[in-house]
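Step one of this worksheet: look at the structure below.
Quick note: the coordinates plus some simple rules give every number you see, no bench work behind them. Not measured: the values here are computed from a predicted model. Every residue, glycine among them, receives a Cβ derived from its backbone with ideal geometry; neighbour counts consider all protein chains shown.
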Amino acid sequence: MQIIYRKIIVASITGTIHSILLGLIFSAPFGESDESHFLLDFIAATPTYMMYVLPVVYTYGIVCSIISDKIGSFLAKKSDDSRIEILVSASLHIVFGLFLLIFSLIGAVIFFLVDSLLIKMKQKYNLLGAISSLLLPISLLCVLISRST
C-alpha cells in the first residue's frame, strides 16, 4: 500500500504543478491575449486545466507509473543491474506520456521527477498523508476561484 499512497501524493503534486505550468504557458488557449491581461488569463485558464489534468493524472498517471516501476524493477532483477530500473521506468513514463504529445509528456516527466524525489526521501507514506495531499489541488483551485471573482 505504500506505493499507492506515494503515487497519490505524487499525483496531487504533479497535477497541481502541471496545471500551473499549462496556465502559465497557455494562459489564453482560445484567443489572443496581451501582457496586461496575463494574470487574469492565467487565473481563468488554470482551473480549466485542473479540471482535465487532475482526473487523468490520478487515474492514467498512477496506473502507468506503477506499471513502469514494476517493469523496471523486474528487468533490474533479471539483469542484476539496479541502474536498469530507473532507466526503464523513466523511458516508460515518457512513452506513456506521449499519448497527447507535449501536454501529457510534460506531466509524465513531472510525475517521474516528483516520484523519484519522494523515493529518495525514504519516508513512510500512509492513508492520511495521501488524503491530505488531495488538499493541495483543492487549495489552489479555491485560491484561483476566489481571485477570479
Quiz item: What per residue convex hull volume, in Å³, comes out for region 1-63 when only alpha-carbon positions are used?
Solution: 65 Å³
Quiz item: Where a ≥ b ≥ c are the square roots of the eigenvalues of the C-alpha gyration tensor, would you call region 62-149 rounded, which needs a/c under 1.5, or, failing that, prolate if a/b is larger than b/c, or oblate?
Solution: oblate
Exercise. Give the relative contact order (percent, whole number) for the chain; include only Cα pairs under 8 Å separated by 6+ residues.
Key: 39 percent
Exercise. Return the distance in nm (one decimal) between the two label points of a simple spin-label model at K78 and T59, each offset 7 Å from Cα along Cα→Cβ.
Key: 3.0 nm
Quiz prompt | Kirkwood hydrodynamic radius of the chain, from inverse mean 1/r over distinct Cα pairs, in Å | solution = 16.3 Å
Exercise. Would you calculate a helix-derived [θ] at 222 nm for the chain, using -39,500 (n - 2.57) for each DSSP H run of n ≥ 4 and dividing by the full residue count, to the nearest 500?
Key: -26000 deg cm²/dmol
Quiz item: Which FRET efficiency value, to the nearest 0.05, do you get for L40 and C142 by plugging their Cβ-Cβ distance into 1/(1 + (r/R0)^6) with R0 = 25 Å?
Solution: 0.90
